[in-house]
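Below is one structure, written out as structure tokens; comments come after it.
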Amino acid sequence: MSKMFRIGSNLSEAFADTKRFTLIAIGLSFLQTILTIIPEVVILLTINEFFGRTFNANNADAGSLPIIFVYFSLFIFAQLFQFVLVVDAALSLNSMQIIAVSVFNFVTTTYTAIQIVQIIRLKACAEAIISGVSLTTTSKVSFKDPDTNCKVYDLPDDFSRILSANLGFFNTSWVWEIALVAICGLCAILTIFAARETIRRWGWQIWKRSTGADVEKRYILQTYYFFVLFLKLNIFSAVCLITQLIVLFYYSRKETSRTKPPSGTGIQDSVGGTAITDIATLIGLAVTAVASVVYFFMGYMAVRKGSIAMMLLFCMILIATSFVAIAIIVVPYLKIDNQFVVQFQELVAGATIFLTVFSSICVLLNSTLLAIGFQSLRNFSHKEYREIVTPPKNKPQEYATPSLELE
């Protein structure tokens, strides 16, 4: 009898410990979000102050250099995204998603290192302007440096001196960037610890829900959760990639407005062509953005409802988007005298590194999701598929039962 009471007491303590750790996991993720976003915002404001004092205050045009703010914003979006993933995982005791977050955090740590490279390139551009611009008149001039892909316009008299006086902003941003890399690295390590502890406390309870000891049903549920997880990651990478392309198009149009020949000459500008090309490109980007939302929703409904037709269509779109991502990786490095290739290379100039990284991630996630999608097609034939993947109604989520030893 005493052993029975001890078992009940141990179970209560184990469940309380699991719930307590769930709150700790959410708290650590929230702390990571705050500790990483604060230095990133400081870096963003520092670089913004640099642009304000050098270009904006002197009515100079920084060209496409401010695109660096997009990458700061995407990092902030990434931190908010990981917090949402952790909360979602905690609500369903999804250990697998916590493991994915730990990998995601190492990727964002690498991303911060790439940011340092971008800031170094921005400073190199400023130094190229200082050494390459010699203003002896009051008329404003433009400057282009092919080595750093630096293109700036309407530089006023004595602009080199103004830039020299504000180079200290880069030193400030580097200090914060190094701190950010250290914080992200530490958080990535702590997330590994959290992933280990979640597996120990949560177990794989989410895969046992409504499947009992049936191995086949459990496998179907595992495939379903893997599909949904990679679908979430795909949405993030697609949002980041499309955002970059839209911003790049904006700055390419801004560049075109400066180099466009007079109307009536019959000459097209080198970057974007005619107004028809602009409209077509805008429509293409808008359709891509809308299609991304639609086809991700289609993938979710396909795996949730067990629809073979929807899953096949989703996989076909996934293959098409993978080819587009591969093209984004390859085309900037081609040495071909083709109008489309030249226009695209000019469009993505200065953002090739980030586009290559995000496009590569998209291809990797698409390939994985495609493989899981084809496996899901085989699972759809199970007569109880929809019951297996549908959460039980009016039934509270149970916590993973830890192993207990009787003395």
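Tabulated results
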| item | result |
| --- | --- |
| Hits in segment 310-348 - residues which are in contact (Cβ under 8 Å) with a residue 60 or more places away in the chain, touching a helix residue (DSSP H, G or I) at 6+ places or on another chain (Cβ under 8 Å), under 22 Å from Ile67 (Cα atoms) and not acidic (Asp, Glu) | Ala325, Ile328, Leu347, Val348 |
| Top-ranked residue of segment 333-383 - restricted to ones that are aliphatic (A, V, I, L, M) and over 23 Å from the mean Cα position of the chain (by Cα), ranked as farthest from Tyr111 (Cα to Cα) | Leu377 |
| Residue match in segment 169-177 (condition: small (Gly, Ala, Ser) and modelled with pLDDT of 85 or more) | yes |
| Which listed residue, of Val152, Val181, is open to solvent by less than 80 Å² (accessible area, probe 1.4 Å) and modelled with pLDDT under 90 | Val152 |
| Hey, Phe83 open to solvent by 30 Å² or more (accessible area, probe 1.4 Å) and part of a helix (DSSP H, G or I) or not | yes |
| Test for Ala90: is it within 19 Å of Leu190 (Cβ to Cβ), touching a Ser or Thr at 6+ places or on another chain (Cβ under 8 Å) and in a helix (DSSP H, G or I) | yes |
| Answer from Phe69, Phe77 - the residue that is modelled with pLDDT of 90 or more, out of contact with any strand residue (DSSP E or B) (no Cβ under 8 Å at 6 or more places or on another chain) and aromatic (Phe, Trp, Tyr) | Phe77 |
| Residue in segment 17-28 that is under 20 Å from the mean Cα position of the chain (by Cα), among the β-branched types (Val, Ile, Thr) and open to solvent by less than 10 Å² (accessible area, probe 1.4 Å) present | no |
| Cβ-Cβ under 6 Å pairs, at least 6 apart or on other chains, segment 19-43 side assigned to a helix (DSSP H, G or I), far side surrounded by fewer than 18 Cβ atoms within 10 Å (Cβ to Cβ) and among the polar types (S, T, N, Q) | none |
| Residues of segment 357-369 satisfying the condition of being open to solvent by less than 30 Å² (accessible area, probe 1.4 Å) and closer than 17 Å to Ala113 by Cβ | Phe358 |
| Within segment 324-407, helices (runs of 4 or more DSSP H) holding 2 or more residues that are in contact with a Ser or Thr (Cβ under 9 Å, 6 or more places away or on another chain) and at pLDDT 85 or above | 352-379 |
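The rows are residues; the columns are (1) in contact with a His (Cβ under 8 Å, 6 or more places away or on another chain); (2) surrounded by 15 or more Cβ atoms within 10 Å (Cβ to Cβ); (3) under 14 Å from Cys125 (Cα atoms).
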site: Leu31; (1), (2), (3): no, no, no
site: Ile34; (1), (2), (3): no, no, no
site: Pro39; (1), (2), (3): no, yes, no
site: Phe51; (1), (2), (3): no, yes, yes
site: Asn58; (1), (2), (3): no, yes, no
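The values are calculated or read from the model by the stated rules, or taken from the named source; none is laboratory data. Note that the structure is predicted; figures quoted are calculated from it, not measured. Don't worry about glycine lacking a Cβ; one is built from the backbone with ideal geometry, like all the others, and counts go over all protein chains shown. Heads up: the accessible areas ignore ligands, DNA and RNA and are worked out on the full protein's heavy atoms, side chains in. Shrake-Rupley method; radii C 1.70, N 1.55, O 1.52, S 1.80 Å.
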